[in-house]
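Below: the structure, in structure tokens.
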Amino acid sequence: MQTNQPITGADALMRSLISEGADIVFGYPGGSIMPVYDSLYDYQDKLRHILVRHEQGATHAAQGYARVTGRPGVVIVTSGPAATNVITGLSDALMDSTPMVVITGQVATPFLGFDAFQETDVVSITQPITKWSYQVRSADDVARAVARAFFIASTGRPGPVVLDFTKDAQVGLTTGGFKYEKCSFIRSYIPVPSINEEDVTRVADIINSAERPMILSGHGVMISGAEAELAAVAEKAGIPVAATLLGLSTMPSGHPLYKGMLGMHGNIGPNVNTNKADVLIAIGMRFDDRITGAVSAYAPQAKIIHIDIDSSEFDKNVKTAATVHGDARQVLQRLLPRVHAARRQQWLDSFSRPEQVELNRVIMPELNHEPGSLLTMGEVVNAVSEATGNKAVVVTDVGQNQMMAARYSRYTLPRSIVTSGGLGTMGFGLPAAIGAKMGVPGRTVCLFVGDGGLQMTIEELGTIMQYGTGVKIILLNNRFLGNVRQWQSLFFNARFSQTPMLNPDFIKISEAYGIKAERVDTRGQLASAIGRMLADNDEPYMLDVAIDERMMVFPMTPAGAAVDHIMLNQNELYKDE
């Protein structure tokens, strides 16, 4: 992409993106970014642009792409309202450590600060919700800014970056030619710290002296690509593993040491045993309140080890006994030879009783029903997971659909969960599924979404129509804002204030967008409908599944309760031996 001739800043941007290996960008053109889009016209053979239907959709699609590929998602939008429309996606990406480079247009430099048409102070707005936000005002600054943006977004704890391009930076010419150099060093930024070997030894000593250790596997394991190292340490030391919501698929669901999901709607075994373990080994997770419940009652008997690339997470929510600051994969590689081989059968057996209680009191009632009764979310998710051989990329929206998809999907491959964890963004699912499918077109991508969340970004069905993106949409339609309804039922005397929904005909809407769709009203229709949906991996398809509005997600640890205070249903608490 090098040239000795002067080129425009817009041309320099295209060449820079291609030099960084970007192959897809998600965006929407407009006045202050038009020079960039004009330049893009000459690079369509190298850089595929996906025209979304809303700028928020562009950010979530970029997130989906980034989460399944590990590479930064790229977004291009114009100024003003387009720039403010990406705020939710930036916030979501920062909380969930998702690499993303967002390029916004901006008015020309002489007009900055004069309230020009569609002028917004993008840098000031986005600084709190990005790793770096920078305004490019010169064509000569483009290559350097893009190189730094990709380096910052993709290294250390990944996250979003914003480059705000003034119009004169887009149309101005470089002085001289163009030469691109990737960034690998910024003096004030240390993305991967040197690991303190004494810290690793201290952690190994604590593990080796433990009787009841448990690993908490978080998103950082996936980001680091440390799945094999996680398994190796767990297997050698005989340590059970539980995952956070974003850590799902870091260990296969069928692995004998894998004990399930942590958190408010997680599995009973790992939640109860959190308060029985003598050592907790947290890897790439941040002790979110949905994991800990009441912090004052969280693992009071345990020594807590925290391994993370972001030292600001240490001792932020829970007090640790030892920490290792470093990349998860590198730390686990160093830890493996230091931990002793061990078998902890009695400790592993202690998960059996809560597992059996959950199977009998929660899972079986969710999956097995009398003929003629309404479908439940869990049985739909379970049926889809089985039909895909447990190999699909599971994308969710937010709410009951999210929790049920996480609970009843099984995972055999890494990077198989895409969901909005920290911010909990309704409307995330549909555009994120589009981005995920474009990132890994060979894999089946199944979106589980509720009728509320779908309608927040339903316009992105137009993106599916335009590009024929083979997303499988499983609409879990209970005609309610289901998660809010559940809380209203449990904690607000069943006063269903503004949660019932009068919905449109989703089948007609899908068909208007050229997407095959069918409604599933009965249990007898489910298996054959799933078969038709999955018959062609490249074909978009929607199943509108009628769900019992009364169903709830259990187990549940109520907000503010101890992690081992677990509701099996509306009327029954889990009782330990």
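The values are calculated or read from the model by the stated rules, or taken from the named source; none is laboratory data. A quick note: this is a predicted structure, and the numbers were derived from the prediction, not measured. Cβ sites come from the backbone with ideal geometry, for glycine too, and all protein chains shown count toward neighbours. Each accessible area value is taken on the protein alone, full model and side chains, heavy atoms only, with ligands, DNA and RNA left out. Shrake-Rupley method; radii C 1.70, N 1.55, O 1.52, S 1.80 Å.
Cβ-Cβ distance below 6 Å, separation of 6 or more or different chains: which pairs start in the range 139-161 with a residue that is closer than 17 Å to SER188 by Cβ and in contact (Cβ under 8 Å) with a residue 40 or more places away in the chain and end on one that is open to solvent by less than 30 Å² (accessible area, probe 1.4 Å) and part of a helix (DSSP H, G or I)?
Within 6 Å, the pairs are VAL161/ALA149; VAL161/ILE152; VAL161/ALA153.
Of these, THR166, THR98, THR88, THR104, which one is touching a Leu at 6+ places or on another chain (Cβ under 8 Å) and closer than 23 Å to ASP310 by Cα?
Working: THR166 fails: closer than 23 Å to ASP310 by Cα; THR98 fails: touching a Leu at 6+ places or on another chain (Cβ under 8 Å); THR104 fails: closer than 23 Å to ASP310 by Cα.
Unique residue meeting the criteria: THR88.
Residues in the range 331-364 that are more than 30 Å from GLY225 (Cα to Cα) and of a type in the set (A, V, I, L, M): how many?
5
Give the residues of the range 476-493 that are surrounded by fewer than 18 Cβ atoms within 10 Å (Cβ to Cβ) and more than 17 Å from LEU374 (Cα to Cα), sorted by residue number. Outline the logic, then answer.
Within the range 476-493, the first condition is being surrounded by fewer than 18 Cβ atoms within 10 Å (Cβ to Cβ), and the residues that meet it are 479, 484, 487, 489-493.
Of everything in the range 476-493, those that are surrounded by fewer than 18 Cβ atoms within 10 Å (Cβ to Cβ) and more than 17 Å from LEU374 (Cα to Cα) turn out to be VAL484, TRP487, SER489, LEU490, PHE491, PHE492, ASN493.
From the list PHE165, PHE151, PHE185, which one is modelled with pLDDT of 95 or more and exposed (fewer than 15 other Cβ atoms within 10 Å of the Cβ)? Before the answer, list the steps.
Working: PHE165 fails: exposed (fewer than 15 other Cβ atoms within 10 Å of the Cβ); PHE151 fails: exposed (fewer than 15 other Cβ atoms within 10 Å of the Cβ).
Of the residues listed, the single one that is modelled with pLDDT of 95 or more and exposed (fewer than 15 other Cβ atoms within 10 Å of the Cβ) is PHE185.
Starting from the range 519-540, keep only residues that are free of Cβ contacts under 8 Å to residues at least 24 places away in the same chain, then list their pairs with residues that are surrounded by 11 or more Cβ atoms within 10 Å (Cβ to Cβ) whose Cβ atoms are within a distance under 6 Å, requiring at least 6 positions of separation or different chains.
ALA529/GLU518; ALA529/VAL520; ALA529/LEU543
Scan the range 263-277 and give yes if some residue there is surrounded by fewer than 22 Cβ atoms within 10 Å (Cβ to Cβ) and under 24 Å from ARG338 (Cα atoms), otherwise no.
No, that holds for no residue.
If the requirement is being charged (D, E, K, R), at pLDDT 95 or above and open to solvent by less than 10 Å² (accessible area, probe 1.4 Å), which of these qualifies: ASP505, ASP451, ASP521? Outline the logic, then answer.
Working: ASP505 fails: open to solvent by less than 10 Å² (accessible area, probe 1.4 Å); ASP521 fails: open to solvent by less than 10 Å² (accessible area, probe 1.4 Å).
Checking each option against the conditions leaves just ASP451.
In the range 124-138, what residues are of a type outside the set (Val, Ile, Thr) and without any contact (Cβ under 8 Å) to a residue 60 or more places away in the chain? Give the derivation first.
So in the range 124-138, the residues of a type outside the set (Val, Ile, Thr) come out as 124, 127-128, 131-135, 137-138.
Within the range 124-138, SER124, GLN127, PRO128, LYS131, TRP132, SER133, TYR134, GLN135, ARG137 qualify.
Is it the case that ASP538 is at pLDDT 95 or above, under 27 Å from the mean Cα position of the chain (by Cα), surrounded by fewer than 16 Cβ atoms within 10 Å (Cβ to Cβ) and of a type outside the set (A, V, I, L, M)?
Numbers: at pLDDT 95 or above: yes; under 27 Å from the mean Cα position of the chain (by Cα): yes; surrounded by fewer than 16 Cβ atoms within 10 Å (Cβ to Cβ): yes; of a type outside the set (A, V, I, L, M): yes.
Yes, satisfied.
Among (1) out of contact with any Leu (no Cβ under 7 Å at 6 or more places or on another chain); (2) within 30 Å of PHE151 (Cα to Cα); (3) of a type in the set (A, V, I, L, M), where does ILE206 come up short?
(2)
Kindly provide the set of residues from the range 403-428 that are in contact (Cβ under 8 Å) with a residue 60 or more places away in the chain and assigned to a helix (DSSP H, G or I), ordered by number.
If the condition is that a residue be in contact (Cβ under 8 Å) with a residue 60 or more places away in the chain and assigned to a helix (DSSP H, G or I), then MET403, MET404, ALA406, ARG407 are the ones that fit.
Is it true that PHE496 is among the hydrophobic types (A, V, I, L, M, F, W, C) and either surrounded by fewer than 19 Cβ atoms within 10 Å (Cβ to Cβ) or assigned to a helix (DSSP H, G or I) (or both)? First the steps, then the outcome.
On the way: among the hydrophobic types (A, V, I, L, M, F, W, C): yes; either surrounded by fewer than 19 Cβ atoms within 10 Å (Cβ to Cβ) or assigned to a helix (DSSP H, G or I) (or both): yes.
Judged against the criteria, PHE496 is a match.
Residue check: is GLU355 of a type in the set (Asp, Glu), at pLDDT below 95 and more than 19 Å from HIS219 (Cβ to Cβ)?
Values: of a type in the set (Asp, Glu): yes; at pLDDT below 95: no; more than 19 Å from HIS219 (Cβ to Cβ): yes.
Criteria not met by GLU355.
Given the options VAL553, VAL545, name the one that is open to solvent by less than 10 Å² (accessible area, probe 1.4 Å) and farther than 30 Å from PHE287 by Cβ.
Details: VAL553 fails: farther than 30 Å from PHE287 by Cβ.
Criteria check complete, one pass: VAL545.
Answer yes or no as to whether ASP42 is part of a helix (DSSP H, G or I), without any contact (Cβ under 8 Å) to a residue 60 or more places away in the chain and of a type outside the set (A, V, I, L, M, F, W, C).
Numbers: part of a helix (DSSP H, G or I): yes; without any contact (Cβ under 8 Å) to a residue 60 or more places away in the chain: yes; of a type outside the set (A, V, I, L, M, F, W, C): yes.
Criteria met by ASP42.
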